[in-house]
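Undergrad: So that we are looking at the same thing, I have put the structure below in structure tokens.
The values are calculated or read from the model by the stated rules, or taken from the named source; none is laboratory data. Since we're looking at a predicted model, the values are computed, not measured. Here Cβ is always computed from backbone atoms with ideal geometry, including for glycine, and neighbour counts include all displayed protein chains.
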Amino acid sequence: MLLLEHHGLTDAGRVRKNNEDSLLVGEGRDETLFVVADGIGGFEAGEVASSIAVDVLKDLGPSDSLEDAIREANRRILAAARGDERFHGMGTTVVAMRFGGTGEEPVAQISHVGDSRAYLLRGGELKPVTEDHSLVAELVRSGDLTRAQASEHPQKNLITRALGADAEVDVDTVVLPVEPGDRLLLCSDGLSDMVPEPGMLEILASYPENSERAARALVVAALEAGGADNVTVVVVDVREEDPPAEEPHRGDTQELRAILPEETHAPRPKTPRDGSLRGKKHAASRPKRRLGRLERTMAGLVRVVAVLLVLAALLTPFYLWGSSRYFLGFDGNEVVVYRGLPYAPWGLELNEEVRRTGLEEADVEERFRDDVESHKLYSSEEQAEAVVRDLEAG
Ligand code: CA
């Protein structure tokens, strides 16, 4: 029998006043469900969006579809945004993980939208489980950027998918077979931007058997690295149950759950999670829940939903935010003002020409040349035009 030991925490960080991240750490109807959501939007709108996502997921029953619940959260966020001007344009990322399968073949189902991540620590290696839905991740896939360049990139926080962006949302799901000794991590970009993966691995490996200390150490590392954003982490350890009657270690907010093989219902073809995991502390007082059987084919199957991300990028307001950026570049010999972003993933230009300035490369002073060549981004056309005036004045 397997147990889950877990700990989650969030911190506003050292720069931001509000904490727009929300999390769920086993306190929903499905006690094996863990969620991190990272809200986007001015004033307190980001907070509202991420907490709507968590509230919807809190109600998810053990045999309900996780992807459907995420789509429902998307609809609720859109409805809330329509109903109140202050919440216009709000959105959130989400990464949600729950456990199921059978006693012999336990699995974690992980669904996500945006750039909040899941990682698996197994055998001393930290492996990403999710792929970011972000512009830089797209540019890495298309070969325009290396992973190292992406992590330093000024537009690394520009996401191409979010809840609250569009009436329909594509959710990516992975079903991961798990085993005793596995440690799973969910985090917002406030961790992954501040602490590079080798640092995350070192911390996770330094506190085995103690999810609370590991989670705290990760948050502390993000704060010590500058704490530029809200930081949220959830650490879940998959354990073999200790011999009978032994209460394994418990932290302050940790609860223990068992993955119990039981009688089966009719199979449920599309629901990766058909196992019922129960809180150990309630085991004696609760009637046994029945379990459906996870289809054998699902147990080992890792399903990544393939999506045309560039298309998604073009269709969401998050790309439109990007398209309101301006930059200068040389076209042939001439300085040109562009709107958009200076990339062409999969050969698809993310920018358009605004105007040709008539300024020649030879006229551009050395000190300005770099900004033109590196396509420095400006947030308005006026800013870009002010730079053109500087170039003209020499
Ligand atoms: Ca964030």
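Undergrad: Going by the conditions given, is residue 73 assigned to a helix (DSSP H, G or I) and either surrounded by fewer than 24 Cβ atoms within 10 Å (Cβ to Cβ) or on the phi > 0 side of the Ramachandran plot (or both)?
TA: Here the answer is no, as residue 73 does not meet what is asked.
Undergrad: Exactly one condition in (1) away from the ligand (no atom under 16 Å from the Cβ); (2) over 11 Å from the mean Cα position of the chain (by Cα); (3) among the aliphatic types (A, V, I, L, M) is false for residue 158; which is it?
TA: All conditions are met except number (1).
Undergrad: Please state which of the following conditions residue 261 fails to meet, knowing it meets all the rest: (1) modelled with pLDDT of 95 or more; (2) touching a Ser or Thr at 6+ places or on another chain (Cβ under 7 Å).
TA: For residue 261, the failing item is (1).
Undergrad: For region 202-227, give me each residue that is out of contact with any strand residue (DSSP E or B) (no Cβ under 8 Å at 6 or more places or on another chain), crowded, with 16+ Cβ neighbours inside 10 Å and either under 21 Å from residue 21 (Cα atoms) or free of Cβ contacts under 8 Å to residues at least 40 places away in the same chain (or both).
TA: If the condition is that a residue be out of contact with any strand residue (DSSP E or B) (no Cβ under 8 Å at 6 or more places or on another chain), crowded, with 16+ Cβ neighbours inside 10 Å and either under 21 Å from residue 21 (Cα atoms) or free of Cβ contacts under 8 Å to residues at least 40 places away in the same chain (or both), then 203, 207, 213, 217, 221, 225 are the ones that fit.
Undergrad: Within region 20-40, restricting attention to residues that are more than 10 Å from the ligand (Cβ to nearest atom) and in a loop (DSSP other than H, G, I, E, B), which residue is surrounded by the fewest Cβ atoms within 10 Å (Cβ to Cβ)?
TA: Among those residues, the one meeting the criterion is 29.
Undergrad: Next up: The conditions are (1) charged (D, E, K, R); (2) closer than 26 Å to residue 139 by Cβ; (3) more than 30 Å from the chain's Cα centre (by Cα), and residue 392 fails exactly one of them. Which is it?
TA: All conditions are met except number (2).
Undergrad: Considering every residue within region 208-229, establish whether at least one is within 16 Å of residue 156 (Cα to Cα), under 15 Å from the mean Cα position of the chain (by Cα) and not β-branched (Val, Ile, Thr).
TA: Yes, some residue in region 208-229 is within 16 Å of residue 156 (Cα to Cα), under 15 Å from the mean Cα position of the chain (by Cα) and not β-branched (Val, Ile, Thr).
Undergrad: Looking at 2, 60, which one is closer than 30 Å to residue 213 by Cβ, away from the ligand (no atom under 16 Å from the Cβ) and at pLDDT 95 or above?
TA: Just one listed residue meets the conditions, 60.
Undergrad: For region 92-149, please list each of the strands (runs of 3 or more DSSP E) lying entirely inside it that holds at least 1 residues being touching a Ser or Thr at 6+ places or on another chain (Cβ under 6 Å).
TA: Per the criteria, 94-101, 106-113, 117-122.
Undergrad: Can I ask one more? Give the residues of region 60-78 that are of a type in the set (A, V, I, L, M), under 12 Å from residue 164 (Cβ atoms) and within 16 Å of the chain's Cα centre (by Cα), sorted by residue number.
TA: Hits for region 60-78 are 70, 73.
Undergrad: Is it true that residue 59 is among the charged types (D, E, K, R) and buried (at least 16 other Cβ atoms within 10 Å of the Cβ)?
TA: The answer is no for residue 59.
Undergrad: A follow-up question, please. On the given criteria, is residue 228 more than 16 Å from the ligand (Cβ to nearest atom), modelled with pLDDT under 95, in a loop (DSSP other than H, G, I, E, B) and more than 24 Å from residue 28 (Cα to Cα)?
TA: The answer is no for residue 228.
Undergrad: Which residue, of 46, 89, is assigned to a loop (DSSP other than H, G, I, E, B) and of a type outside the set (A, V, I, L, M, F, W, C)?
TA: 89
Undergrad: Moving on to the next point. Show the residue pairs that are 6+ apart or on different chains and have beta-carbon atoms under 6 Å apart, the first residue being within region 183-201 and free of Cβ contacts under 8 Å to residues at least 40 places away in the same chain, the second being assigned to a helix (DSSP H, G or I) and within 13 Å of the ligand (Cβ to nearest atom).
TA: Pairs that qualify, where the first residue is free of Cβ contacts under 8 Å to residues at least 40 places away in the same chain and the partner is assigned to a helix (DSSP H, G or I) and within 13 Å of the ligand (Cβ to nearest atom), are 194/222; 195/222.
Undergrad: When residue 52 is evaluated against the numbered criteria (1) over 17 Å from residue 163 (Cα atoms); (2) over 15 Å from the mean Cα position of the chain (by Cα), which criterion, by number, is the only one it fails?
TA: (1)
Undergrad: Is it true that residue 167 is of a type outside the set (Val, Ile, Thr) and either in contact with a His (Cβ under 6 Å, 6 or more places away or on another chain) or within 16 Å of the ligand (Cβ to nearest atom) (or both)?
TA: No.
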